[in-house]
Amino acid sequence: RAPAGGPGAQYRVRLAVAGKWRRVDWARLPGPGEAPPVGKYYLNASWSSGANSAEWDLAEMEPDASAEGLFQIVTRLPVGGGYFQIVRNRDFSQVFHPPELSAEAGEVLGPDSGAWRAWWRVPGGGSQVRILFQRTLQSGQDVRCVSWQRLPDV
């Protein structure tokens, strides 16, 4: 049995048709493959809902050219702080989240759809904060990192 492919693994897929018969086969191509398509990443935050909205609005994170796979967004926290997750391609089955509720920066899980139970918490509030998300492929491993920093008031 061939090893499971990770992010960036490439395969050759063939469809053979003979009359009413169909056959599909595939083979993993050698080498580490290229990085997976980048996609777009969005901030799903407790403070980003509209006044009359039952759902939170997703805010697109901007690519940061200073590092590979780095995305950022600058936002203002509410006075009491708030909670957030990262969503890929506006798809709630592709959510990046911490392993537990109210986590500080650290381990990143996902993308998956089990994120309803875990959010990063940014305490305090009333100030601007830069939220950073980085996703890279290193030695065939999907490496993810989330952090944030408060910005000085201007």
Looking only at region 62-77, count how many residues are surrounded by 17 or more Cβ atoms within 10 Å (Cβ to Cβ) and more than 19 Å from GLN138 (Cβ to Cβ).
-> 4
Failed condition for PRO37, given (1) surrounded by fewer than 16 Cβ atoms within 10 Å (Cβ to Cβ); (2) at pLDDT 90 or above; (3) closer than 30 Å to ARG121 by Cα = (2)
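Mind listing just one residue for me: the one in region 1-29 that is at pLDDT below 75 and loosely packed, with under 13 Cβ neighbours inside 10 Å and, of those, nearest to the chain's Cα centre (by Cα)?
Step by step, filter region 1-29, then rank; the result is ALA4.
The values are calculated or read from the model by the stated rules, or taken from the named source; none is laboratory data. What you are looking at is a predicted structure, and each value in this text was computed from that prediction instead of being measured. Neighbour counts run over all protein chains shown; Cβ positions are idealised from the backbone, glycine included.
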